[in-house]
There are 2 protein chains.
Amino acid sequence: MQVVSVKKALAGGVEEGTKVEVRGWVRTRRDSKAGISFVNVSDGSTFDPIQVVAPNALPNYEKEILHLTAGCSVICRGTLVKSQGKGQAFEVQADEVQVLGFVDDPDTYPIQPKQHTLEFLRDVAHLRVRTNTFSAVTRVRHRAAMAVHRFFDEEGFFWVNTPIITASDAEGAGQMFRVSTLDAVNPPRTPEGKIDWHKDFFGKEAYLTVSGQLNVEAYALAMSKVYTFGPTFRAENSNTTRHLAEFWMIEPEIAFADLNEDANLAERFLKYVFKAVLDDCAPDLKFFEERVQKGVTERMEKFINSSFERIDYTDAIEILKKAKKKFEYAPEWGKDLQTEHERYLTEEHVGRPVVVMNYPEAIKSFYMRINDDGRTVAAMDVLAPGIGEIIGGSQREERLDVLDQRIQKFGLKPESYQWYRDLRRYGSVPHAGFGLGFERLIVYICGLQNIRDAIPYPRVPGSAAF
Amino acid sequence: MQVVSVKKALAGGVEEGTKVEVRGWVRTRRDSKAGISFVNVSDGSTFDPIQVVAPNALPNYEKEILHLTAGCSVICRGTLVKSQGKGQAFEVQADEVQVLGFVDDPDTYPIQPKQHTLEFLRDVAHLRVRTNTFSAVTRVRHRAAMAVHRFFDEEGFFWVNTPIITASDAEGAGQMFRVSTLDAVNPPRTPEGKIDWHKDFFGKEAYLTVSGQLNVEAYALAMSKVYTFGPTFRAENSNTTRHLAEFWMIEPEIAFADLNEDANLAERFLKYVFKAVLDDCAPDLKFFEERVQKGVTERMEKFINSSFERIDYTDAIEILKKAKKKFEYAPEWGKDLQTEHERYLTEEHVGRPVVVMNYPEAIKSFYMRINDDGRTVAAMDVLAPGIGEIIGGSQREERLDVLDQRIQKFGLKPESYQWYRDLRRYGSVPHAGFGLGFERLIVYICGLQNIRDAIPYPRVPGSAAF
């Protein structure tokens, strides 16, 4: 008896007529008047369940099979045959349907065989992966993550796991979560009444990282091509549909590279990931297309067949000012682009992905490289039709004297950046990188509206698993 | 001009006589009396640097090339030729050596071209990747991580990013780090003087995860085969050479599986990862072999060519009691195995990897499945020659009534585990999984003595980058 996944069975991965064993959970059961039950069984390996045909000759037909409801676990043994029915190529003619676990009180089982609101499902985080939507998100997320690693590996990058607990705030920006083992009620205090952080676990104040970029730069300046792909944290905006307090970020960093090479890398990267998902997740994308957002597949197909347009920020402002469109926020040189501006540029003005380059220095981070004009930095945002900014990156300031001016200008403590300055003192080279939120990519791929639906466990107050 | 990595150039990946551009950092410089300098350049792509031959006819020879020291960054353009010298197959006959960055005060540059103690290098975490040892660790770590993902992907698993910030303690064990945004000096308090956690970011007390297992079980019971690979945290033992406060853990979980299948998975997994490293990191392993620990390569080769022995815990205790060896801790049924016991079993008694199975229930976690004997649980440890335990796993208790007894017996709050109980109420199936610390695997592969040398940034008090 060959144990096969539903994916393999449905794809005809074993010969017709083979005896197979399929294991999974019941999605639906339908009984014919002729005394045959059609049990759809899903194991997560692919979008569609497989139809198991159970005749009333089976010894447990009356006692068990006729009581199967959504969520019951079964092991089905039988013959893989071509299906007469519509919608599937193969089915299993069962010799045996072994029930491993029934559903306790089927009427109150949260995952009924009907459509649930995404809001409701966020409250049953531990069970929502049993729905079509979230098993599809899980497969797409996996395929996209594998593509991320494969892309970088094939291009000669090394994955670097930068610290999650850190003593430094990467950009002097972003609210951080404090990490501590001190007694919160009665923490040790200094004579002045302050907290005595020397007594904390690491001997100093510690936080959850907001970005691995600064740390990974040190690796780029020895290994040439590196990337991070790990969790990052922001203690802000926890209740929007676009922000997460905890999200996975991807941050490649390349040495001997300028902003143009950075943009080239971003273009190759996004196309590679989209292509992997298109190639491998067709049934899942079909579902998103039909039930979540029309056009998600076509959007990615167009994306990978487009060359990215590059526009200077200064030119972008001019384009926006001349646009016939009325914006909520008036475009103005020196201000950051709003999502409405970004979407106009990529969707209406160009109709393809756009890289906006060279932003005003005052609205960007201290580590970005000052351009020769003295008023812009070598920063870029990649804008995608349907979402706006999807990647942000920059060439880093590799000149020690200029970096020092920037640290001063931004009011940062130079002593916190001695190690970062070292990278410019010892064999400095031009280098660049970018960052993107992995969940934002998943939202884009699947056409989701709420970023909480792109993570395995939405940390919703009251959610059963938090 | 073709830009090539040192790895590609040394491997003859471009035809002899091709004009190439190599970018990297100087390791050493040697000048011949005949007016030729031999500059060894490394770019991190492979263990060995490439030799760049720079004749004094180059315009910047006197002014720059003769001043190159370890750590300087260069772009070298020239012809790739077969090397006359010993130790490398190819070298670059330079037409141009462009110096991008010198080293500020070479005499005090921490990474001198000599051997440093690992202890010293932990204090210059941001620069230590410029050494042979840590660039090799970075490559091995990358290759092993890629193999982890590839193994699971090829076997049909899905990567699940379980929450890092969590409200629950996975096992009722392990000191946790608290995560909070409350003001530490004057936190909001309840009328009773306790901390008012309702006012904290998530509306309740939150911690860094010690394991994703419980969360990923919910995914296994819908997707069949899943794994985590992410950071986990323990606020204990921070100053040993074997424990980290922050480390990356790998936790596969399989549905419709018992402890034997779990052990099979562990065996396939370890062999796959070791084979990938052996196939791809030969120059790095050669270095570890010669400079860090003799026998690391042979140890892995023997490992992948061995079948794992399986021994019942109860039998293992008998074997240990009969052993002629004198142990510091006397083996006794009901007590956990010490490293000395584990190493005796795998190194001396069997001479191969060993899976010890079915431990006394009292020394294991609440979620492990009670065996029919009522006094052992379906837990396993995989023991490897040279290190002892490398993987710990178990079949999970899938019977709700038995789980409830365990929760009570361990003094856990049933209300915290309602969602976990749901997994047994709705289509429960036998399932199993294991966990291993990724850094422990790296320590084993490379033959390191201190686990701090297996992570990109050792979080050493006083370290420049923390």
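The values are calculated or read from the model by the stated rules, or taken from the named source; none is laboratory data. Since the structure is predicted, the reported quantities are computational estimates derived from the model, not experimental observations. Don't worry about glycine lacking a Cβ; one is built from the backbone with ideal geometry, like all the others, and counts go over all protein chains shown.
Odds and ends about this structure:
Listed here are the residues, each with its yes/no results for (1) assigned by the TED database to the domain that holds residue B:138; (2) touching a strand residue (DSSP E or B) at 6+ places or on another chain (Cβ under 9 Å); (3) outside any loop (DSSP other than H, G, I, E, B).
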site: B:390; (1), (2), (3): yes, yes, yes
site: B:395; (1), (2), (3): yes, yes, yes
site: B:398; (1), (2), (3): yes, yes, no
site: B:404; (1), (2), (3): yes, no, yes
site: B:418; (1), (2), (3): yes, no, yes
site: B:424; (1), (2), (3): yes, yes, yes
site: B:435; (1), (2), (3): yes, yes, yes
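- Enumeration of residues in the stretch B:211-263 that are more than 11 Å from every other protein chain (Cβ to nearest Cβ) and either small (Gly, Ala, Ser) or touching a Ser or Thr at 6+ places or on another chain (Cβ under 6 Å) (or both): B:211, B:249, B:251, B:263
- Options B:125, B:136: the member that is at pLDDT 95 or above, more than 7 Å from chain A (Cβ to nearest Cβ) and touching a Phe, Trp or Tyr at 6+ places or on another chain (Cβ under 7 Å): B:136
- The set of residues in the stretch A:169-184 being facing chain B (nearest Cβ under 7 Å), more than 23 Å from the chain's Cα centre (by Cα) and either aliphatic (A, V, I, L, M) or in a loop (DSSP other than H, G, I, E, B) (or both) consists of A:179, A:181, A:184.
- Residue in the stretch B:456-465 that is among the aromatic types (Phe, Trp, Tyr), crowded, with 22+ Cβ neighbours inside 10 Å and away from chain A (no Cβ under 12 Å) present: no
- Test for residue A:145: is it in the same structural domain as residue A:293 (by the TED database) and either farther than 24 Å from residue A:454 by Cβ or surrounded by fewer than 20 Cβ atoms within 10 Å (Cβ to Cβ) (or both): no
- Residue in the stretch B:263-277 that is surrounded by fewer than 23 Cβ atoms within 10 Å (Cβ to Cβ) and closer than 28 Å to residue B:407 by Cα present: yes
- Inter-residue pairs, beta-carbon under 9 Å, first assigned by the TED database to the domain that holds residue B:6 and in the stretch B:82-96, second among the aromatic types (Phe, Trp, Tyr) and buried (at least 16 other Cβ atoms within 10 Å of the Cβ), 6+ apart: B:82/B:90; B:83/B:90
- Residue B:448 vs. criteria within 21 Å of residue A:159 (Cα to Cα) and either more than 14 Å from chain A (Cβ to nearest Cβ) or of a type in the set (Asp, Glu) (or both): yes
- If you check A:79, A:138 for being of a type in the set (Ser, Thr, Tyr) and not in a helix (DSSP H, G or I), only one passes: A:79.
- Among residues of the stretch B:399-444, those that are within 13 Å of another protein chain (Cβ to nearest Cβ), touching a Ser or Thr at 6+ places or on another chain (Cβ under 9 Å) and among the aliphatic types (A, V, I, L, M), counted: 2
- Residue match in the stretch A:100-119 (condition: modelled with pLDDT of 95 or more, assigned to a strand (DSSP E or B), over 21 Å from the mean Cα position of the chain (by Cα) and closer than 21 Å to residue A:7 by Cβ): yes
- Within the stretch B:2-39, the residues that satisfy the criterion of being under 24 Å from residue B:141 (Cβ atoms) and in a strand (DSSP E or B) are B:23, B:24, B:25, B:27.
- Scanning the stretch A:1-59 for residues that are more than 22 Å from residue B:254 (Cα to Cα), touching a residue at least 40 places away in the same chain (Cβ under 8 Å) and of a type in the set (S, T, N, Q) returns A:18, A:28, A:51.
- Hits in the stretch B:52-74 - residues which are part of a strand (DSSP E or B), buried (at least 21 other Cβ atoms within 10 Å of the Cβ) and either of a type outside the set (Val, Ile, Thr) or touching a helix residue (DSSP H, G or I) at 6+ places or on another chain (Cβ under 7 Å) (or both): B:54, B:73
- Residue count, the stretch B:196-206 (criterion: buried (at least 17 other Cβ atoms within 10 Å of the Cβ) and at pLDDT 95 or above): 0
- Test set (1) within 12 Å of chain A (Cβ to nearest Cβ); (2) at positive phi; (3) touching a residue at least 40 places away in the same chain (Cβ under 8 Å) - residue B:105 fails condition number: (3)
- Residue check, residue A:166 surrounded by fewer than 21 Cβ atoms within 10 Å (Cβ to Cβ), within 8 Å of chain B (Cβ to nearest Cβ) and touching a residue at least 12 places away in the same chain (Cβ under 8 Å): no
- Hits in the stretch A:141-156 - residues which are facing chain B (nearest Cβ under 8 Å) and part of a loop (DSSP other than H, G, I, E, B): A:156
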